[in-house]
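Q: Dumping the structure here so I can ask a few things about it.
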Amino acid sequence: MRAAAGFFVLAAVVAGCTTTQPLVQVSASLTTVPTPSGAVVASGVHGAPVESCNATASLRPSDVPGPAVQAIRQRGRLVVGIDQSTNLLSFRDPVSGELAGFDVDIAREVARDLLGDPAEVEFRLLTSPERISALQDGSVDIVVKAMTVTCARAEQIAFSTVYFDARQRLLVPKASPVRGPADLAGKRVCSQVDTTSLATVARVAPTATLLAVQNWDDCLVALQQGQADAVSTDDSILAGMAVQDPYLHLVGPSLEDEPYGIGMNKSREDLVRAVNASLERIRGDGTWLSLYRRWLSVLGPPPSPPSPRYRD
Ligand code: GLU
């Protein structure tokens, strides 16, 4: 029996070594690689007018708790709308599995001031289009998700003072001839749906084809697979892609200012003032600088924290 079994094993090994298997045909064309799920070629995206209203001016800080802050304290945790796929700002640390990044730490600092403990945060993952509806229906207290303060958004939600000044730029392969928006004519440019970024590309490069995806990671993949010639969004987000791929770099001038604010429900004025008090503390006690150094130093030496503007 044992000898027979040995024979069959040997026969199988010999057959495996000598049989010539036909090679699976692999297409060299990158265009056969599927585009990221949910990616569409966007048309009819109207160029956004550059910020013209006073939306970056917020309510003066106050530590006096009102009904919104009291409700958060009673609950014992701050519910924060955030992203999980924006490297450097808010992403899953591959080792710990925890959310990490500049936006995550800003949210934790707000929790430290409201609840006395930066760990008392419950994160809810949101897509960019969900940021406003989640604030309006009360499913989150604050949104800290690379959210640019714009006039249109400020009609629907309240913003804190500006906590980071991003600038929209381009990310391209180092071998690409694209150096600025003038080189984008007829090229494919990737951005995320429902962002200021997509609208700005439509304005500065009207003849470019817009590839609109659901997550920023999808733009990185589309660029690496040759399905997009460039990615355009905030420098803070592009830098998070560039550090993951040494063949990519940021190019060109700033296409638009992208001042980030923390989003809140318009009816919760006491929360807006409390968050602005927290941001005052973060700017003044060196926390902002240490967070910049920890997460964003790839963008260059730390600037001063954005100066707050108030409208009351
Ligand atoms: N800052 C841009 C915006 O608020 C893009 C960032 C994003 O949506 O993730 O639309």
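Quick note: the coordinates plus some simple rules give every number you see, no bench work behind them. All figures in this text were calculated on a predicted structure; none of them were measured in a lab. Quick reminder, even Gly has a Cβ in these numbers, built from the backbone with ideal geometry, and neighbours come from all protein chains shown.
Q: Along the Cα→Cβ direction, 7 angstrom out, place labels at LYS174 and HIS249. What is the inter-label distance in nm?
A: With each label placed 7 Å out from Cα toward Cβ, I get 0.7 nm.
Q: As a check on your grasp of the helix formula, calculate [θ] at 222 nm for the chain: sum -39500 (n - 2.57) over DSSP H runs of n ≥ 4, divide by the residue count, round to the nearest 500. Present the calculation step by step, with values, prior to reporting the outcome.
A: Working: 10 runs with 102 residues, N = 312.
After summing the helix terms and dividing by residue count, I get -9500 deg cm²/dmol.
Q: Next question. Near the amide H of LEU88, under 5 Å away, which other amide H atoms are found, from residues 5 or more places off or on another chain, if H is placed in the peptide plane?
A: Here the answer is none, since no amide H 5 or more places off falls under 5 Å of that of LEU88.
Q: Now a separate question. What percent does the relative contact order of region 131-265 come to when contacts are Cα pairs within less than 8 Å and at least six residues apart? All intermediate terms of the calculation are to be shown ahead of the outcome.
A: Details: 270 pairs, mean separation 59.0, N = 135.
After rounding, I find 44 percent.
Q: Please report, in debye to the nearest 20, how large the charge dipole of region 263-312 is about its Cα centre when each Lys and Arg carries +1 at its beta carbon and each Asp and Glu carries -1 there. Could the numbers behind the result be given before it?
A: Numbers: 9 positive and 5 negative charges, 25 e Å.
It works out to roughly 120 debye.
Q: If I stretch the segment between ASP117 and SER290 completely, what's the gain in nm (0.36 nm per residue apart, minus their alpha carbon distance), one decimal? Provide the component values of the computation, followed by the final result.
A: Numbers: separation 173, 0.36 × 173 = 62.28 nm, distance 1.86 nm.
Extra length available between ASP117 and SER290 comes to 60.4 nm.
Q: From Cα pairs below 8 angstrom and at least 6 apart in sequence, can you work out the relative contact order of the chain, rounded to a whole percent?
A: Working: 594 pairs, mean separation 86.8, N = 312.
In percent, rounded to a whole number, it is 28.
Q: Under the rule of at least 5 residues apart or a separate chain, name every residue whose amide H is placed under 5 Å from the amide H of THR35.
A: Excluding prolines and chain starts, which carry no amide H, there are no hits.
Q: Something else now. Rounded to the nearest whole Å³, what is the per residue volume of the convex hull around the Cα atoms of the chain?
A: 199 Å³
Q: Can I ask one more? Whole-Hz Karplus ³J(HN,Hα) for region 284-301, in order, using 6.51 cos²θ - 1.76 cosθ + 1.60 and θ = phi - 60°, x for Gly and Pro?
A: Here the 3J(HN,Hα) series is x, 9, x, 5, 4, 4, 5, 5, 4, 4, 5, 10, 10, 5, 4, 7, x, x Hz.
Q: Which value, in debye to the nearest 20, describes the size of the charge dipole of the chain about its Cα centre when Lys and Arg Cβ atoms bear +1, Asp and Glu Cβ atoms bear -1, and nothing else is charged?
A: Values: 28 positive and 33 negative charges, 73 e Å.
Roughly 360 debye, rounded to the nearest 20.
Q: Quick check on packing: order 89-102, 61-74 by the mean number of other C-beta atoms within 10 Å, highest mean leading.
A: Values: 89-102: 16.6, 61-74: 15.0.
My ranking of the peptides, most packed first, is 89-102, 61-74.
Q: Shifting gears a bit: Ordered by packing density, taken as the mean number of other Cβ atoms within 10 Å over each peptide's residues, highest first, how do 294-307, 206-219 rank? Each step should come with its number before you reach the end.
A: Working: 294-307: 14.1, 206-219: 20.8.
Highest-to-lowest ranking by the protection proxy: 206-219, 294-307.
Q: Okay, moving on. If I fit a long axis through the Cα atoms of helix 102-115 and take the longest principal axis of the Cα atoms of the chain, what angle between them do I get, 0 to 90°, rounded to 10?
A: Between helix and principal axis, roughly 40 degrees.
Q: Can you give the Rg and Dmax of region 215-312 based on its C-alpha atoms, in angstrom?
A: Both quantities, over Cα of region 215-312: 16.9, 50 Å.
Q: Now for a separate question. What is the ratio of the Cα radius of gyration of region 54-116 to 2.2 N^0.38 Å, with N the residue count, to two decimals? Write out the running numbers ahead of the final one.
A: Details: Rg = 14.3 Å, N = 63, 2.2 N^0.38 = 10.6 Å.
Cα Rg divided by the expected 2.2 N^0.38 Å: 1.35.
Q: Students often check this: by mean Cβ neighbours within 10 Å, which of 132-139, 162-169 ranks highest, and how do the rest follow?
A: Numbers: 132-139: 16.0, 162-169: 23.1.
Sorting 132-139, 162-169 by mean packing, highest first, produces 162-169, 132-139.
Q: Give the cross-link partners of LYS187 among the lysines, using a straight C-alpha distance below 29 Å as the criterion and excluding same-chain residues fewer than 8 apart.
A: Straight-distance partners of LYS187: LYS145, LYS174.
Q: Next question, about the same structure. Below 8 Å, C-alpha to C-alpha, sequence gap of six or more: please give me the relative contact order for region 38-172 in percent. Can you show the working numbers first?
A: Values: 153 pairs, mean separation 39.9, N = 135.
So the answer I get is 30 percent.
Q: Moving on to the next point. Applying the Karplus parametrisation 6.51 cos²θ - 1.76 cosθ + 1.60 with θ = phi - 60° to the phi angles of region 79-85, what ³J(HN,Hα) value in whole Hz is obtained for each residue in order, glycine and proline being reported as x?
A: Per residue, the Karplus-derived 3J(HN,Hα) values read 9, 10, x, 8, 10, 10, 9 Hz.
Q: Amide H to amide H under 5 Å from ALA42: which residues, 5+ apart in sequence or cross-chain, H placed 1.01 Å off N in plane?
A: Close amide H contacts, sequence-distant or interchain: LEU210, LEU211, ALA212.
Q: With a point put 7 Å past each Cα toward its Cβ, work out how far SER307 is from ASP63 in nm, to one decimal.
A: It is 2.5 nm.
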